[in-house]
Every structure is written in C-alpha cells, then in structure tokens.
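Chemist: Take this structure first; my questions come after.
Each reported figure results from applying straightforward, stated rules to the coordinates on display, with no laboratory input. Fair warning: this is a prediction, and the values are worked out from it, not measured in the lab.
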Amino acid sequence: MLDRIIGVCTAERLSALLVYVVGAIVGSYAAKGMSPVQWGGSAMAVIGAILVAVIVRTWPAKKAETAKAESR
C-alpha cells in the first residue's frame, strides 16, 4: 500500500519537475534568440511536458482487486 502511494507521489512530482525543467530550458534559449522553427519545436516540447503531467494525474489506476484477480 505504501509503495503505491510513494509511486504515485513520485510520478506526480517528477512530471511537475519535467514541466519546470523544459520551461527553464526553453526560456533560456528564448532569451538568447530563436528562429521560428525553434519556437515551434520549443512550443511542442512544452506542450508535450504539460501533456505528460496531465496524463499522470488523470490516467485511471487499476484497482487492487482486479490486479490480484488477473494475476491468478
């Protein structure tokens, strides 16, 4: 039970960290100047990181009873 709670908290924290790191990297390169193609790629990277964070928080988890029944 405890490992599942820790796993969920870790996944949520790591996905939030991913959004932060990608935003920081994109912001760093944006301050130096980027071409329109680079802007498009960086926008897709930020959107992808946000998508990962949303999926981690909203994906339905398997119920413990079903997981136990399937393993038998």
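Chemist: Rounded to whole Hz and in sequence order, give me ³J(HN,Hα) for the range 30-46 from the Karplus expression 6.51 cos²θ - 1.76 cosθ + 1.60, θ = phi - 60°, writing x for Gly and Pro.
Modeler: Each residue of the range 30-46 in turn: 5, 5, 7, x, 9, 7, x, 5, 5, 4, x, x, 5, 5, 5, 5, 5 Hz.
Chemist: Next up: Around residue 34, which amide H atoms from residues at least 5 apart in sequence, or from another chain, sit under 5 Å from its own amide H, with H modelled in the peptide plane?
Modeler: none
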